[in-house]
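The values are calculated or read from the model by the stated rules, or taken from the named source; none is laboratory data. Note that the coordinates shown come from a computational prediction; the quantities given were computed from them, not determined experimentally. Cβ sites come from the backbone with ideal geometry, for glycine too, and all protein chains shown count toward neighbours.
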Amino acid sequence: MYRFLLTPRWWGINVFVLLAIPFCVFMGSWQLGRFEDRVDDHRTAEAQATSNRHEAARPLAELLPVDKATVGKQTTATGRYDRQFLVPDRTLDDRRGYYVLTLLRTDSGRALPVVRGWLPGEPDPARAPAPPTGEVTVTGALQASESPGDNGVTARGGLPAGQTAAIGAATLVNLVPYDVYDAWVTLNKGDSGMTAVPASAPQNTGLDLKAFQNLGYTAEWFAFVGFVIFMWFRLFRREVEFVRDAELGLLPEGSEADEDSSRARRPSPSGV
């Protein structure tokens, strides 16, 4: 009855199933591993953020360049405040507002972007407090440069003068006549009554949409394993029913199923 399994069509079906199942299991396991890696990164980032808040501030030069190991760490820098910019479309505690960003000119000649605080509403230069004059020493959390369109940073252009969409050297170097550090600092305490901006976690270390996409893909790949097995069993069962019907003479003469079952039951020339 099961000689149909030796036909070329069923050889092709069986080979496909034998290749598809381990491939789907491998892909599902890989996606699950990616999700678990993101969970581990998230836990590590949370532990690092807690540790960073209790560490003593270190000079800026010791923490550059910014990477996953140094982002969020406390740093200190000395200089004089220079140009000031407003960073629109920034949300804090579910309220829409903007950052007040001031460039700190250091003795190295380069400027360090410093987020002095957050204000609610639309960007308004008249409401943004002027920076302190003279030499100042700032202390805050070190952050990596932003890129428009990444990590929720707006990518819209055509902003008014005195505004910037992203906080990063690639953007700010086009707005000032001096070099800018490829990093920025958010003050631990908001300046001049502004709300302090909390340090953000390193990119790709949180349980974000990408992490749950990995989890969803895991479920899809393992579901496909079940689908392949189900379809194989359904085809197998239907083929068995055709063979039984053919043996009982219940199939119309000349039907494709009748011919297939006849070929499956026909002995080979060798008599096997």
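Within the set of pairs 6 or more residues apart or between chains, which connect a residue that is farther than 24 Å from residue 76 by Cα and at pLDDT below 90 inside segment 163-182 to a residue that is in a loop (DSSP other than H, G, I, E, B) and not small (Gly, Ala, Ser) with Cβ atoms less than 9 Å apart? The qualifying pairs are 165/146; 165/148; 165/153; 165/154; 165/156; 165/159. Do we have any residue at all in segment 57-67 that's assigned to a loop (DSSP other than H, G, I, E, B) and either modelled with pLDDT of 95 or more or in contact with a strand residue (DSSP E or B) (Cβ under 8 Å, 6 or more places away or on another chain) (or both)? Yes. Criterion applied to 65, 59, 129 was being surrounded by 12 or more Cβ atoms within 10 Å (Cβ to Cβ) and either more than 23 Å from residue 180 (Cα to Cα) or not hydroxyl-bearing (Ser, Thr, Tyr) (or both), and the one residue passing it is 129. On the stretch given as segment 163-197, residues that are more than 21 Å from residue 137 (Cβ to Cβ) and loosely packed, with under 14 Cβ neighbours inside 10 Å total 3. Among the residues of segment 89-129, those that are of a type outside the set (Asp, Glu), over 22 Å from residue 171 (Cα atoms) and part of a loop (DSSP other than H, G, I, E, B) comprise 121, 126, 127, 129.
Is it the case that residue 106 is touching a Ser or Thr at 6+ places or on another chain (Cβ under 6 Å) and within 15 Å of residue 183 (Cβ to Cβ)? No; evaluated as a whole, the condition is false for this residue.
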